[in-house]
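J.: Sharing a structure, written as structure tokens. Questions coming.
Taken together, the values in this text are just the output of simple stated rules run on the coordinates, not laboratory data. All of these numbers come straight from a predicted model, not from anything done at the bench. Cβ: placed from backbone, ideal geometry, glycine included. Neighbour counts: every protein chain shown.
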Amino acid sequence: MNQTLLNPVKRFRTVLLLVLALLLCVLSPAQASAQLPTDIRAQFGGIEITGSAYWDSPGSTWFVLIRTPDKVNRLLCYTLENGTWVQEFQAVESVPQGEGAVRILFSDREKEITDGRPLIRPVLMITQNGTGEDESRMIRQYEFLRSAAGEWNLVRAFFPDGPLRLEFDDKILSLQLPDSLQAVPWISPRDLRGISLAELPETPDQALQLIIEQNRNGLSHPDP
């Protein structure tokens with residue numbers, strides 16, 4: 001029997017507690033702006049900086065989250081080149097939109113084995129809270145792992161209200177439903193520069209609809 005199905009509710013609660021612990025480390029917007037290098041901060045003028053996150057190895061990277069005057073959340077990535085911070089890319093579709101507060105931070109490092117040696121890679125976490133009475137409650141969480149090629153690929157997503165947990169591995173999407181685990185092909189981009197979060201299911205019903213569509217094409221299969 002697949003051990004992941006023994007107590008899915010407990011698994012969801014464990015994930016949520018870990019996320020809440022990490023979010024205690026998130027900086028306020030004022031702190032996020034103040035800690036940025038001067039030459040990065042100066043580029044935004046009166047635009048609201050709502051979050052920032054720094055990673056120093058491999059490479060030196062700053063992620064900056066801004067809220068534009070037309071209420072669009074935009075993520076920008078800066079890397080250090082010859083002592084100068086250079087914008088590598090910016091993204092909108094890979095960032096949650098709407099009125100709920102969005103935060104970014106680096107979570108625990110992930111280790112993988114390359115050529116027989118352990119290699120540590122950073123994970124960028126993007127979360128969004130609800131609104132109104134739910135403004136202090138996290139409703140979306142995305143985790144992007146930096147690849148050896150320098151891409152930031154989505155590896156996990158979690159939606160506590162579902163509850164629904166997604167895990168990506170190469171071209172397979174695993175969907176952890178409350179009472180089952182299913183896997184479907186996933187060929188759309190996963191990198192921060194190309195992924196559209198709007199394509200992801202966020203509820204068990206949406207996940208089941210995706211499975212039904214894949215079944216019609218003979219592509220979906222339950223996880224063994």
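J.: Once you have the Cα-Cα distance between ARG121 and GLU151, take 0.36 nm times their residue separation minus that, and quote the gain in nm to one decimal.
T.: 9.7 nm
J.: To the nearest 0.05, what FRET efficiency results for SER188 and ARG74 with a Förster distance of 25 Å applied to their C-beta separation?
T.: E(calc), rounded to 0.05, equals 0.75.
J.: Further question on the same structure: Taking the Cβ-Cβ separation of GLU133 and ILE47 as r and a Förster radius of 30 Å, what is the calculated FRET efficiency to the nearest 0.05?
T.: According to the calculation, E is roughly 0.55.
J.: Pop a pseudo-label 7 angstrom from the Cα along the beta-carbon direction at both GLN206 and GLN97 and give the gap in nm to one decimal.
T.: So the two model labels end up 1.4 nm from each other.
J.: So if R0 is 35 Å, what FRET efficiency would VAL86 and ASP169 give, r being the distance between their Cβ atoms, rounded to the nearest 0.05?
T.: 0.65
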